[in-house]
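The values are calculated or read from the model by the stated rules, or taken from the named source; none is laboratory data. Keep in mind that what you see is a predicted model, and the values were worked out from it rather than measured. Here the Cβ is made from the backbone with ideal geometry for all residues, glycine too, and neighbour counts use every protein chain on show.
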Amino acid sequence: MTSTIIHGIRSLVTNEAALGQPHDPLGAVEDAALVVEGDRVVWAGREADAPAADAAHDVEGRAVVPGFVDSHSHLVYAGDRTQEFNARMSGRPYSAGGIRTTVAATRDASDEALSATLARHIREALRQGTTTLETKSGYGLTVPQEARAVRIAAALTDEVTYLGAHIVAPEYADDPDAYVAEVTGPMLDACAPYARWVDVFCEKGAFDGDQARAVLTAGRARGLEPRVHANQLSYGPGVQLAVELGAASADHCTHLTGEDVDALGQGDTVATLLPGCEFSTRAEYPDARRLLDAGATVALSTDCNPGSSFTSSVPFCVAIAVREMGMTPDEAVWAATAGGARALRRTDVGRLGPGAYADFAVLDAPSHVHLAYRPGVPLVTDVWRRGVRTV
Ligand SMILES: [Zn+2]
């Protein structure tokens with residue numbers, strides 16, 4: 001197999017603690033190189049120590065970071081919510097359409113249209129350095145509609161989440177428990193073959209703690225691993241439920257009690273923070289500092305969706321997390337790469353050491369700190385995925 005050395009790296013984030021200075025979780029290496037064979041990294045370290053390779057690619061003094069791992073998006077959708085955003089940002093009331101607007105448009109869209117929209121967003125994210133992207137169903141809310149959503153997603157990404165429990169389907173507005181029976185019964189049967197994860201929006205107006213537990217335990221019994229939309233809009237049982245059930249991730253974590261923070265600090269469930277959502281709804285940001293100080297593992301993701309967070313830019317989320325949420329640039333970059341990988345229970349992405357996929361972004365900057373220091377600037381110049389330069 002042909003090997004390629006990527007060299008001339010001014011600063012390399014590996015997320016391999018053993019490769020960097022003591023007590024640096026980023027495992028940062030200066031004047032570094034990477035050796036890639038096939039789709040994998042086979043060596044990382046100081047360029048002066050690099051082994052010989054068959055081919056060479058010089059990044060000319062730029063920084064390299066692992067490809068971003070965006071562990072939370074909702075991109076199997078159709079329709080447009082520009083007017084809703086415009087109304088919200090203009091201080092005008094808007095009808096309580098929300099997710100239901102997207103559900104109606106999605107149900108009317110063809111498979112081809114849904115697939116093309118998802119592919120366009122994956123490409124848009126890739127251009128910004130995202131090499132692993134999770135996405136969810138949740139805008140169909142009937143058995144055939146949810147099943148086609150996860151099937152379409154599974155054709156384009158490995159990380160597919162079944163979110164039949166996004167909101168109660170409009171047809172079941174008067175009988176939410178009957179909808180939960182649908183979600184945990186025939187809809188789960190139809191979706192499980194295409195999904196890795198089961199998720200529920202545990203929130204007032206969506207699903208309560210008992211309903212969320214039913215959804216997650218039924219999914220787990222069918223081999224899906226739980227993750228939870230938890231404590232986004234209000235205090236509630238989502239985080240505690242996620243930790244109790246051993247969910248991979250509790251997502252949002254905006255309204256947390258001390259007990260919630262302690263549970264995340266002591267458990268294995270990752271706290272996935274989605275600041276694009278608070279940005280786009282003018283809400284208060286989650287307190288990343290409080291979670292980190294309690295020992296929680298924090299991930300940063302976009303929550304990219306047409307309603308509450310229509311950004312696919314992980315660097316934008318990194319910049320907000322540093323400016324508004326008490327994270328250091330190092331912590332935010334770790335959270336957007338290794339943290340996202342933890343939230344998806346992946347060890348083959350989110351790091352650049354031997355055995356990992358050769359997924360990385362080249363920055364037109366000397367250091368990863370510029371992702372926060374130069375907000376809004378398109379610093380990602382090249383993206384390699386699975387050992388191939390794709391951007
Ligand atoms: Zn979400």
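Specify which of the listed residues (Ala155, Ala178, Ala190) is away from the ligand (no atom under 16 Å from the Cβ) and without any contact (Cβ under 8 Å) to a residue 24 or more places away in the chain.
Ala178
I'd like the residue in region 1-36 that is in a loop (DSSP other than H, G, I, E, B) and of a type in the set (A, V, I, L, M) and, out of all such residues, is modelled with the lowest pLDDT.
Ranking the candidates gives Met1 first.
Take region 85-116 and flag every residue that is part of a loop (DSSP other than H, G, I, E, B) and either crowded, with 17+ Cβ neighbours inside 10 Å or at pLDDT 95 or above (or both).
Ala109, Ser110
Here is a check on your reading of the model: is Leu75 touching a His at 6+ places or on another chain (Cβ under 7 Å) and either crowded, with 23+ Cβ neighbours inside 10 Å or of a type outside the set (A, V, I, L, M, F, W, C) (or both)?
So Leu75 fits the description; yes.
Conditions (1) in the same structural domain as Asp158 (by TED's automatic domain parsing); (2) touching a Ser or Thr at 6+ places or on another chain (Cβ under 6 Å), marked per residue:
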| residue | (1), (2) |
| --- | --- |
| Gly38 | no, no |
| Gly61 | no, no |
| Leu75 | yes, yes |
| Ala78 | yes, yes |
| Thr82 | yes, no |
| Leu133 | yes, yes |
| Gly138 | yes, no |
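Of the numbered conditions (1) of a type in the set (D, E, K, R); (2) away from the ligand (no atom under 16 Å from the Cβ); (3) touching a Ser or Thr at 6+ places or on another chain (Cβ under 9 Å), Asp199 fails exactly one; give the number of that condition.
The single condition Asp199 does not satisfy is (2).
Just one of (1) part of a helix (DSSP H, G or I); (2) under 12 Å from the mean Cα position of the chain (by Cα) trips up Val322, so point out which.
(2)
Quick check: is even one residue across region 151-159 surrounded by fewer than 24 Cβ atoms within 10 Å (Cβ to Cβ), at pLDDT 95 or above and more than 22 Å from the chain's Cα centre (by Cα)?
No, region 151-159 has no match at all.
Conditions tested, residue by residue: (1) touching a residue at least 40 places away in the same chain (Cβ under 8 Å); (2) crowded, with 24+ Cβ neighbours inside 10 Å; (3) within 23 Å of His74 (Cβ to Cβ); (4) in contact with a Lys or Arg (Cβ under 9 Å, 6 or more places away or on another chain).
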{"site": "Asp260", "(1), (2), (3), (4)": "no, yes, no, no"}
{"site": "Gln266", "(1), (2), (3), (4)": "no, no, no, no"}
{"site": "Phe279", "(1), (2), (3), (4)": "yes, no, yes, no"}
{"site": "Arg282", "(1), (2), (3), (4)": "yes, no, yes, yes"}
{"site": "Ser301", "(1), (2), (3), (4)": "yes, yes, yes, no"}
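Kindly evaluate Thr161 against the criterion of being closer than 24 Å to Arg345 by Cα, within 16 Å of the ligand (Cβ to nearest atom) and either touching a His at 6+ places or on another chain (Cβ under 6 Å) or assigned to a loop (DSSP other than H, G, I, E, B) (or both).
Against the criterion (closer than 24 Å to Arg345 by Cα, within 16 Å of the ligand (Cβ to nearest atom) and either touching a His at 6+ places or on another chain (Cβ under 6 Å) or assigned to a loop (DSSP other than H, G, I, E, B) (or both)), Thr161 does not qualify.
Of all residues in region 70-128 being touching a strand residue (DSSP E or B) at 6+ places or on another chain (Cβ under 9 Å) and small (Gly, Ala, Ser), which is nearest to Arg346 (Cα to Cα)?
Of everything passing the filter in region 70-128, Ser71 is nearest to Arg346 (Cα to Cα).
Name the pairs whose Cβ atoms lie under 7 Å apart, with the first residue in region 59-75 and in contact (Cβ under 8 Å) with a residue 24 or more places away in the chain, the second away from the ligand (no atom under 16 Å from the Cβ) and among the acidic types (Asp, Glu), and 6 or more positions between them or separate chains?
Arg62/Asp364; Pro66/Asp359; Gly67/Asp359
Take region 368-385 and flag every residue that is touching a Ser or Thr at 6+ places or on another chain (Cβ under 8 Å) and of a type in the set (Lys, Arg).
Arg385
Does region 117-136 contain any residue that is touching a helix residue (DSSP H, G or I) at 6+ places or on another chain (Cβ under 8 Å), surrounded by 15 or more Cβ atoms within 10 Å (Cβ to Cβ) and over 26 Å from Val362 (Cα atoms)?
The answer is yes; a qualifying residue exists.
Just for region 233-268: of the residues that are within 16 Å of the ligand (Cβ to nearest atom) and of a type in the set (Ser, Thr, Tyr), which one is nearest to Leu216 (Cα to Cα)?
By that ranking, first place goes to Ser249.
So, of the residues in region 202-211 that are outside any helix (DSSP H, G or I) and surrounded by fewer than 23 Cβ atoms within 10 Å (Cβ to Cβ), which turns out to be farthest from the ligand (Cβ to nearest atom)?
Result: Asp208.
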